[in-house]
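Chemist: Encoded as structure tokens, here's the structure I'll be asking about.
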Amino acid sequence: MTDRIFPEYNMYILRMKTGDLNMKQTTEGAIIGMLMNRDEAALQEIQTAYGKLCYKLANDILNNREDSEECVNDMLLKVWKTIPPNHPDSLLAYVITIIRNTAVNRYLALKTQKRGGKQFETAWEELETTLESDENLNDTVDLHELTHQIEVFLDTLTPQTRKVFLRRYYMSESIAEVSEACGMSESAVKISLMRTREKLKAYLRKEGLL
């Protein structure tokens, strides 16, 4: 069930909360303008600007070079097909949302074949326990409401704590990667994640969602 929550997370908010995923708005605006004018050179601009980031995100989930590269290609195709008519406020947010959803969908398909990234699976197993309930959440909870409440909860965290949580559970980064990105020891990252999961579970119970 958890894989159905975070793909809906507002990536524009994520961009602000993780801090270091930035690109000049003038550059983004120029690329979006190229897409709106059906200029195929925009795809190369996206590849240059975001290709490494998108590949890393896909590979953190899939742990497979060929599958990750295909996800990047699929992302470029979807961007081309959806802009226009879409006109995103943040191209970076739009691109990351597409690549993550594409990689998660591929992961779920590969999981039936006993393939896929162990790192992604481990991260989601950690979070799955937080969302455990005595009842079937799929039958009793509006997932849009659950997503909204998680966003509200994230707003109660300090910027650093929020960044750690999102990097681990949205970006699917390893503990070591989160540690390096956030300037914390691996032990401190694990403690931060544990405490945030506990707070999230208490918050969702208070809201009647668990």
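The values are calculated or read from the model by the stated rules, or taken from the named source; none is laboratory data. None of the values given here were measured: they were computed from a predicted structure. Neighbour counts are summed over all protein chains in view; Cβ atoms, including those assigned to glycine, are modelled from backbone coordinates with ideal geometry.
Chemist: If I filter the stretch 160-177 for residues that are crowded, with 17+ Cβ neighbours inside 10 Å, part of a helix (DSSP H, G or I) and of a type in the set (Gly, Ala, Ser), do I get at least one hit?
Modeler: No, the conditions are met nowhere in the stretch 160-177.
Chemist: Looking only at residues that are of a type in the set (Gly, Ala, Ser) and within 19 Å of ASN73 (Cβ to Cβ) in the stretch 30-48, which one is surrounded by the most Cβ atoms within 10 Å (Cβ to Cβ)?
Modeler: For the stretch 30-48, the residue satisfying everything is ALA42.
Chemist: Same structure again: Here are SER133, SER187, SER192: which of them is buried (at least 18 other Cβ atoms within 10 Å of the Cβ) and either modelled with pLDDT of 90 or more or part of a loop (DSSP other than H, G, I, E, B) (or both)? Step through it out loud before you land on a result.
Modeler: On the way: SER133 fails: buried (at least 18 other Cβ atoms within 10 Å of the Cβ); SER187 fails: buried (at least 18 other Cβ atoms within 10 Å of the Cβ).
Residue meeting the stated conditions: SER192.
Chemist: Considering only the stretch 59-88, how many residues are polar (S, T, N, Q), under 25 Å from GLU173 (Cα atoms) and not in a loop (DSSP other than H, G, I, E, B)? Step through it out loud before you land on a result.
Modeler: From the stretch 59-88, those polar (S, T, N, Q) are 59, 63-64, 68, 73, 82, 86; that's our starting set.
Now restrict to residues that are under 25 Å from GLU173 (Cα atoms): 59, 63-64, 68, 73.
Then keep just the ones that are not in a loop (DSSP other than H, G, I, E, B); that gives 59, 68, 73.
Adding up the residues that qualify gives 3.
Chemist: Continuing with this model, one more query. For residues in the stretch 72-130 being of a type in the set (Lys, Arg) and at negative phi, which is modelled with the lowest pLDDT?
Modeler: Among those residues, the one meeting the criterion is ARG115.
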